[in-house]
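Here's the structure, in structure tokens; my notes come after.
The values are calculated or read from the model by the stated rules, or taken from the named source; none is laboratory data. What you see is a predicted model, and the numbers here were worked out from it, not measured in a lab. Cβ sites come from the backbone with ideal geometry, for glycine too, and all protein chains shown count toward neighbours.
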Amino acid sequence: MKNTLNRYSTLKQVAHLSAFLMLTLTLGACAKLDRETKTSHSISTDLVDHFADNGTGNPLAVVQYPAGEYHDGITYVSYQGPFEDPYVAAYNHESKEWLGPFRAGTSELGRREGRTKFDNHGKPTLLIDDEGYIHIFYGGHGGDKHHGDNPLGNVHHGANKNSISKRPLDISEWEEVDNISVFGTYNQAVKMDNGDIYLFYRHGAHRSDWVYQLSTDNGRTYSEPVSFLKHKRRDDLKAVDSWYAWARRGQGDDIIVGFDYHLCWDGGAGVNGRGHTTQRHDAHYMVFNTKTGVWRNVKGEQLTMPLTREQAEQKTLALDTGDSWTFNGTVNLDSNGYPHIAMNYGKDLGHKTGGPKLTHHIKWDGKTWSDGIKINGQKSGISRGDFMFTPDQNIQYFLSEQDGKDGVISTWTSNDGGKSFVKTKELLRKPKASFATTAIIKNSHPDARVIVGERSSLTPHRKIYLVGENGPIQRPFSDATLQKDTSTFKSK
Ligand code: ZN
């Protein structure tokens, strides 16, 4: 242990030295940019709420997990920047200094011929391995047809890629490593106590299996993909069974997985010929014991993998959402080891995406699943978020929601085990905006719980914020002012 600590402190010094050099360079570059843009801020040291202003499209989401990690005094964060490339920044809680962002890889999505809009699947997932190297997974939207046949499903765009920091705990330089399937999208990276890394993702476009790849050498190489959720053509409808999943560490050797079902209609099929929509339903839950390789449901019954819709309906269903359409959220365990699920759902209003969806909380009490409890109590609307358990076992949500035309990030807390929630603190509010939010940062510091991107219809550029229990962590305006996206899109 002592050796490890010594090694880390040396690495930290190296990281700090290169951080200082890069900070000097960055400050120089930012100052130049500031002069060129001639903004209304006359003093470049004015503090602003965001740490970067070059996010693009929908730059962040709950499904990229983790999007950030706190490690040894520093919070490392990632987001989708210009040309859907992954960007990584770091905040030192002791010195109160920001570093970066640095471009950490090159996304195929942003270089695709015939681009008509941001693809938004460039969003990175970030994980620190046991040697301190930082890994990011990004840029895939099911793989492109130029990659050939997808053995586990169909394809769409981009290539799922992995970049690893050249030095431990140093975000300034990155190496692209060809060690995972290009067909991936929606990465979730889970590290176990023994250092094994499980990378979960959908292996292709909608009509594809969900898989994991395992690395036992700190993310240098990975096993072949193993399917755990099966896509399958239906024989009763003109549609295919499809899924959206989300994974996090459970107890001991367990990984817990929450998921919802996507009824992937054929073109022109569906109710009243609506064709393909984002129709998704229900909340499901299952557990993977990484030691034995056995998957089980909440009652401990073993599951046959990869899981089919028929088996899921019988064994893993936590909530039947009926006619409401879902957008899956996160899962977590309370101190009893009982799972709680955040699931977003709302009425189908006939839109391509159904309608707006609000975050609900579902919990297992050891015998049954509760009904979904709405977090913010709004009648209808949009919210997204993740939750954690406080030391006294209150449930605390970090929720992105709308208050009229304002985008708001707030904490909502339940002290009755998830039966009711009250708004406890407003952390960030911006007019004429909505916030894209991540799940809670891994091992998060109270001052830095989630990363959020401010979406506005007035600009394609997104301000990115690191928000904790005291609001956003600020940064001098000039440092937060960056080179922005210059994409030109083909008209549809
Ligand atoms: Zn589909």
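What the table below lists for this structure:
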read-out	value
Filter pass, G132 being in a strand (DSSP E or B) and on the phi > 0 side of the Ramachandran plot	no
Count of segment 257-266 residues which are away from the ligand (no atom under 16 Å from the Cβ) and over 22 Å from the mean Cα position of the chain (by Cα)	0
For G418: the one exception among (1) within 27 Å of S335 (Cβ to Cβ); (2) in contact with a strand residue (DSSP E or B) (Cβ under 9 Å, 6 or more places away or on another chain); (3) free of Cβ contacts under 8 Å to residues at least 60 places away in the same chain	(3)
Long-range neighbours under 7 Å by Cβ, at least six apart or interchain, first residue more than 19 Å from G184 (Cα to Cα) within segment 242-271, second more than 16 Å from the ligand (Cβ to nearest atom) and among the aromatic types (F, W, Y)	D254/F288; I255/Y198; I255/F288
Single condition K123 does not satisfy, out of (1) part of a loop (DSSP other than H, G, I, E, B); (2) within 16 Å of the ligand (Cβ to nearest atom); (3) modelled with pLDDT of 95 or more; (4) buried (at least 24 other Cβ atoms within 10 Å of the Cβ)	(2)
Selected residue (only one of R202, R233 is basic (K, R), crowded, with 19+ Cβ neighbours inside 10 Å and either closer than 25 Å to W295 by Cβ or within 16 Å of the ligand (Cβ to nearest atom) (or both))	R202
Hey, H141 within 21 Å of N92 (Cβ to Cβ) and assigned to a strand (DSSP E or B) or not	no
Test set (1) surrounded by fewer than 22 Cβ atoms within 10 Å (Cβ to Cβ); (2) assigned to a helix (DSSP H, G or I) - F489 fails condition number	(2)
Matching option when the condition is within 13 Å of the ligand (Cβ to nearest atom) and in contact (Cβ under 8 Å) with a residue 40 or more places away in the chain, among T308, T278, T330	T278
Only one of A245, A239, A269 that is within 14 Å of the ligand (Cβ to nearest atom), buried (at least 16 other Cβ atoms within 10 Å of the Cβ) and either under 27 Å from the mean Cα position of the chain (by Cα) or more than 30 Å from N179 (Cβ to Cβ) (or both)	A239
Matching entry among I180, I171, I197 (being free of Cβ contacts under 8 Å to residues at least 60 places away in the same chain, aliphatic (A, V, I, L, M) and more than 16 Å from the ligand (Cβ to nearest atom))	I180
Given (1) under 18 Å from D386 (Cα atoms); (2) touching a residue at least 24 places away in the same chain (Cβ under 8 Å); (3) out of contact with any Asp or Glu (no Cβ under 8 Å at 6 or more places or on another chain), index of the condition T413 fails	(2)
Considering residues of segment 281-305 that are more than 17 Å from W364 (Cβ to Cβ) and among the polar types (S, T, N, Q) only, the residue nearest to the ligand (Cβ to nearest atom)	T304
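This table checks each residue for (1) crowded, with 19+ Cβ neighbours inside 10 Å; (2) basic (K, R).
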residue: L349; (1), (2): no, no
residue: K352; (1), (2): no, yes
residue: K357; (1), (2): yes, yes
residue: I375; (1), (2): yes, no
